[in-house]
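Enquirer: The following block contains the structure, expressed as structure tokens.
The values are calculated or read from the model by the stated rules, or taken from the named source; none is laboratory data. Everything numeric in this text was worked out from a predicted model, so none of it was measured. Because the Cβ atoms are built from the backbone with ideal geometry, glycine has one as well, and the counts that use them run over all protein chains shown.
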């Protein structure tokens, strides 16, 4: 996987937690907070505690995401629009070599190179639906400040006005609804004010030292933000310290996204942003969603801040990681088969790794949101299609033990990763699961045990030994998902042992349906 050295997202988030707040202008707009739709949620944090997570999200378990936008045009990985302004970063070096110096050719110009000339959302959605996704997420706007819909509050820098000249969010929504998937949209905008501030700097050394980057050109302030000239350029990319003028514009743009596309799930890249501004925005989303569903909120808002979600306000999202234990409320992992934004010649997660994660996550009451980044063309590459095909084949056999399930008494027989204080980004610590690892789910009186590798002749599940600490009862029947014949099994105090036929109904993991435990 492509690493951005000291410029990685993980390091940026870690720095943000540890560092003091930036000093930026105080309120620049002396006004009341914006109006929101009327309903049971009044814009306060207290009112949001009445939210209840809808059943569709509990049942869906698996979603897919297309992290596709103007930064995909360069096909050189995530955070491209920021890192080209960080001298000597890998993306800066690549950009200077292939496009020119960012004092002349910068993010604004990359936006115009984004074409999507092979973009076929209907075909892609067919593939995602066949692979087992129950919901799909379009990126709405990244930190790059470029809206992927016909945005009335960002009229020049949006996908209808610039680049592919398509309402990308609208086209994804239409395709998702046609193929029966819930529709989600992600927003990463709240961090943009500081994230793009580096575009107002210049090289520190070399022949272009001191030559201002193109972000300083006032003609492009609507893309790069009118960052104060007398203000030091922040190093904290994910900071949300910003003037009220920016918070108001943020609010209006995401409100526009909500009102026009009515997503079933709204993902924010971080916690609920900007205090009361954010609480009002989430309230507006829930209230408008309730009006669409007879007064009942069927929408999901995700936050990466546990404190937001522990109170019941929203759904916890864990980026590139898995919860350490079964959580009482549903949660979501968002991760990618490679880089968030497309990078050529990258090694992807294998179907085996994805299936390991899916079973592990679902056993702990979570959902997996998996990103397949699209290149500039808008079409999946050959290696991505192979990964998708592997997932499709496994889900066709084993999805019965995934969809609509709930956690059992324990998630499994062994930990996939060492417990960590922070679940985010812990996927890099994961070990590959084998036939010695088992993950459990339950549904309709049955227990599903996923043995995470194919043993030679016999699957052994010590956790399901008769009696024991979990009080396991006498097992009456065992089925192997995808296998037409019966399978033989024995159970004693030490383990459940299941004879495995020579012919595999699927690769990667065995799905056992057990009655009586």
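Enquirer: When you go through 167, 222 one by one, which is the residue that is more than 30 Å from residue 64 (Cα to Cα) and at pLDDT 95 or above?
Expert: The unique qualifying residue is 222.
Enquirer: Is it fair to say residue 143 is in contact with a strand residue (DSSP E or B) (Cβ under 9 Å, 6 or more places away or on another chain) and in a loop (DSSP other than H, G, I, E, B)?
Expert: Considered against the rule, which asks whether it is in contact with a strand residue (DSSP E or B) (Cβ under 9 Å, 6 or more places away or on another chain) and in a loop (DSSP other than H, G, I, E, B), residue 143 comes out as no.
Enquirer: Among the residues of the stretch 44-83, which ones are crowded, with 21+ Cβ neighbours inside 10 Å, out of contact with any strand residue (DSSP E or B) (no Cβ under 9 Å at 6 or more places or on another chain) and not in a helix (DSSP H, G or I)?
Expert: Scanning the stretch 44-83 gives a single hit, 79.
Enquirer: Among the candidates 241, 211, which residue alone is within 24 Å of residue 281 (Cα to Cα), assigned by TED's automatic domain parsing to the domain that holds residue 121, surrounded by fewer than 20 Cβ atoms within 10 Å (Cβ to Cβ) and in contact (Cβ under 8 Å) with a residue 12 or more places away in the chain?
Expert: Just one listed residue meets the conditions, 241.
Enquirer: Which residues, counting only those in the stretch 497-513, are on the phi < 0 side of the Ramachandran plot, outside any strand (DSSP E or B) and surrounded by 23 or more Cβ atoms within 10 Å (Cβ to Cβ)?
Expert: Residue satisfying the conditions is 509 alone.
Enquirer: So, one more: Sort through 115, 104 and tell me the only one that's out of contact with any helix residue (DSSP H, G or I) (no Cβ under 7 Å at 6 or more places or on another chain) and outside any helix (DSSP H, G or I).
Expert: Every option except 115 fails the conditions.
Enquirer: Separate question: Taking the condition modelled with pLDDT of 95 or more and out of contact with any helix residue (DSSP H, G or I) (no Cβ under 9 Å at 6 or more places or on another chain), does residue 82 pass?
Expert: Against the criterion (modelled with pLDDT of 95 or more and out of contact with any helix residue (DSSP H, G or I) (no Cβ under 9 Å at 6 or more places or on another chain)), residue 82 does not qualify.
Enquirer: Tell me the residue from 229, 174, 165 that is on the phi < 0 side of the Ramachandran plot and assigned to a loop (DSSP other than H, G, I, E, B), please.
Expert: Going through 229, 174, 165 in turn, the sole match is 229.
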